[in-house]
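The values are calculated or read from the model by the stated rules, or taken from the named source; none is laboratory data. Bear in mind that the values here come from a model prediction, so they are computed numbers and not experimental data. Here the Cβ is made from the backbone with ideal geometry for all residues, glycine too, and neighbour counts use every protein chain on show.
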Amino acid sequence: MQLKQCRSCGVEKPVTDFSKNKNTKDGRSFYCKTCSNKKARDRYSEKRLDPEWYRLEQEKERDRHLRRTFGINSEQYNQMLETQEGKCAICLTTECKSGYAFAVDHCHTTGAIRGLLCRDCNTSIGKLNDDIETLQRAIEYLRSFKK
């Protein structure tokens, strides 16, 4: 059994306890898997405490979600929001009561993006199945009770 000494803990261990690394002479990492994992956890913990790192990770995740779900990126989303003057396209509120960002409203049949809506407006038209006649009846119903 071939042994190798870890540069971090100094313990001699079987080479199978070291990750493969084609950039080293012996083809194995300088650190055993245990030490390597601990170092990675420590680095990640330190980064998570940094508010700027956390904000950037949130932005990356938002961008991945927009690309995967709607085929747009954060820049396109922000451009839409700017075009709408930072308001919901229906109720004109500047922020969602729920605290979420504006939802990307889209046609479920074609996938075409229509605009950005607050969560309440987006779920309201969604619950009415985006049906114009149903929405029109809802308007007429509300008008009939207006004094």
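Structure notes:
- Per the listing Lys47, Lys13, Lys39, the residue uniquely at pLDDT below 95 and out of contact with any Asp or Glu (no Cβ under 9 Å at 6 or more places or on another chain) is Lys39.
- The one condition from (1) under 24 Å from the mean Cα position of the chain (by Cα); (2) part of a loop (DSSP other than H, G, I, E, B); (3) not polar (S, T, N, Q) that Leu92 does not meet is (1).
- Qualifying residue in segment 55-67 (condition: exposed (fewer than 13 other Cβ atoms within 10 Å of the Cβ), without any contact (Cβ under 8 Å) to a residue 60 or more places away in the chain and assigned to a loop (DSSP other than H, G, I, E, B)): no
- Qualifying residue in segment 26-35 (condition: loosely packed, with under 10 Cβ neighbours inside 10 Å and either modelled with pLDDT of 90 or more or part of a helix (DSSP H, G or I) (or both)): no
- Of residues in segment 123-143 being part of a helix (DSSP H, G or I) and among the aliphatic types (A, V, I, L, M), the one nearest to the chain's Cα centre (by Cα): Ile125
- Residue within segment 90-101 that is small (Gly, Ala, Ser), without any contact (Cβ under 8 Å) to a residue 40 or more places away in the chain and in contact with a Lys or Arg (Cβ under 6 Å, 6 or more places away or on another chain) present: yes
- Scan of segment 1-25 for residues that are part of a helix (DSSP H, G or I) and among the acidic types (Asp, Glu), ordered by number: Asp17
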